[in-house]
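Since every read-out is calculated from the coordinates, none of them should be taken as a lab result. Just so we're clear, the structure is a prediction, and the values are computed from it rather than from any experiment. Positions of Cβ are generated from backbone atoms using ideal geometry, with glycine treated the same way; all protein chains shown enter the neighbour counts.
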Amino acid sequence: MSRIGKKIVAVPKGATLSVDGQTITVKGPKGERTWTVAEEIEIVQDAEGLSFKPRNDTAKAKALWGLSRTLVDNMVTGVTEGFERTLELVGVGYRAALKGSDLSLQLGFSHEVDIKAPPGVTFAVPKQTEIKIQGNDKQVVGELAANIRKLRPPEPYKGKGVRYQGETVRRKEGKKK
């Protein structure tokens, strides 16, 4: 039995959740999200919230049970609170700036790297060496942060590069004579 799948998805105040067949729509102050649940999963809506049950006892249904519940819970969290990832730029001359709603990065290349904001995602640059990525879709926010980090990952000798906030980089000792 799935421990995560058994939990009920509670709908907080300010959010509305509607079920139409296998399609779930969540509306909140930070936007609207829609997702279609697999046919192997049964959706039960009651006063407490939304619960999920597998329709049959197959391996696929068991695998999708907890996943479906978690994805819907992330949708509810996204439209009420939103998701945020913070990146730090470490290195001489590494800095970020906003150009309208897009992000412009100087990462030691001979050119600036411009990143367009996908729909539903906003960038914030509180300091030149800090980037905040905010949105209501956890996957899009995380994937965008990973793609920005991939442009200049932290290197082990000087620690320069783009890293997640709080990430520790394992340092190596340099060459000795």
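Taking Cα atoms, how many degrees apart are the long axis of helix 59-80 and the longest axis of the chain, rounded to 10 and kept between 0 and 90?
70
Given segment 83-164, report the % of alpha carbon pairs whose separation exceeds 16 Å.
Details: 1537 of 3321 pairs.
Counting pairs separated by more than 16 Å, the tail of P(r) holds 46 percent.
Out of the chymotrypsin sites (Phe, Trp or Tyr not before Pro) in segment 123-177, which ones are loop residues according to DSSP with at most 14 other C-beta atoms within 10 Å?
Tyr157
For a quick check of your reading of the filter: which GluC sites (Glu not before Pro) in segment 44-113 sit in a DSSP loop and have no more than 15 other Cβ atoms within 10 Å? The partial results should precede the final answer.
Working: sites: Glu48, Glu81, Glu84, Glu88, Glu112; in loops: Glu48, Glu81, Glu112.
When the GluC sites (Glu not before Pro) of segment 44-113 are filtered for loop state and at most 15 Cβ neighbours within 10 Å, Glu48, Glu81, Glu112 remain.
Ile8 versus Thr86, label points 7 Å from Cα toward the beta carbon: distance in nm?
Going from the Ile8 label point to the Thr86 one covers 3.5 nm.
So, with +1 on the Cβ of K and R and -1 on the Cβ of D and E, and no other charges, what is the size of the charge dipole of the chain about its Cα centre, to the nearest 20 debye? Provide the component values of the computation, followed by the final result.
Details: 31 positive and 21 negative charges, 258 e Å.
The dipole magnitude comes to about 1240 debye.
Out of these labelled values of P(r) over Cα pairs in 10 Å bins from 0, in percent, (i) 9, 29, 24, 20, 14, 4, 1, 0; (ii) 9, 24, 14, 8, 9, 14, 14, 8, 1; (iii) 10, 33, 31, 19, 7, 1, which was calculated from the coordinates shown here?
(i)
Once the dipole of segment 83-164 is set up with Lys and Arg at +1 and Asp and Glu at -1 on Cβ about the Cα centre, which of Phe123, Ser110, Asn147 lies farthest towards its positive end?
In segment 83-164, that residue is Ser110.
Take peptides 135-148, 4-17 and line them up by average Cβ neighbours within 10 Å, highest first, as a rough protection proxy.
Working: 135-148: 17.8, 4-17: 14.6.
The peptides rank, most packed first, as 135-148, 4-17.
State, to one decimal in nm, how far the label point of Lys27 lies from the label point of Gln134, with both points 7 Å from Cα in the Cβ direction.
So the two model labels end up 2.3 nm from each other.
Would you mind checking the tilt of helix 138-151 against the longest principal axis of the Cα atoms of the chain, expressed as 0 to 90 degrees and rounded to 10?
Taking the Cα atoms of the chain, the angle to 138-151 is about 20 degrees.
Starting from the 7 Å offset along Cα-to-Cβ, what nm value, one decimal, do you get for the label separation of Thr16 and His111?
Each label point lies 7 Å from its Cα, and together they span 4.7 nm.
When the chain is treated as a GNM, springs tying every alpha-carbon pair under 10 Å, which of Phe52, Phe109, Phe83 comes out with the largest mean-square fluctuation?
Of Phe52, Phe109, Phe83, the Gaussian network model singles out Phe109 as fluctuating most.
How high is the FRET efficiency between Ser101 and Val169 when r is their beta carbon distance and R₀ equals 45 Å, given to the nearest 0.05?
Numbers: r = 30 Å, r/R0 = 0.67.
Using R0 = 45 Å, I get an efficiency of 0.90.
Let me see the pair-distance distribution of segment 3-80: every alpha carbon pair, 5 Å bin width, integer percents in order.
Over segment 3-80, the share of Cα pairs per 5 Å bin runs 3, 17, 29, 26, 15, 6, 2, 0 percent.
With θ set to phi - 60° and the Karplus curve 6.51 cos²θ - 1.76 cosθ + 1.60, what are the ³J(HN,Hα) couplings of segment 85-94 in order, to the nearest whole Hz, using x for Gly and Pro?
3J(HN,Hα) across segment 85-94, in whole Hz: 10, 10, 10, 10, 9, 10, x, 5, x, 7.
Using θ = phi - 60° and the Karplus relation 6.51 cos²θ - 1.76 cosθ + 1.60, list the HN-Hα couplings for segment 160-177 in order, rounded to whole Hz, with x at every Gly or Pro.
Coupling constants for segment 160-177: 6, x, 9, 9, 5, 5, x, 6, 9, 9, 6, 8, 10, 7, x, 5, 10, 7 Hz.
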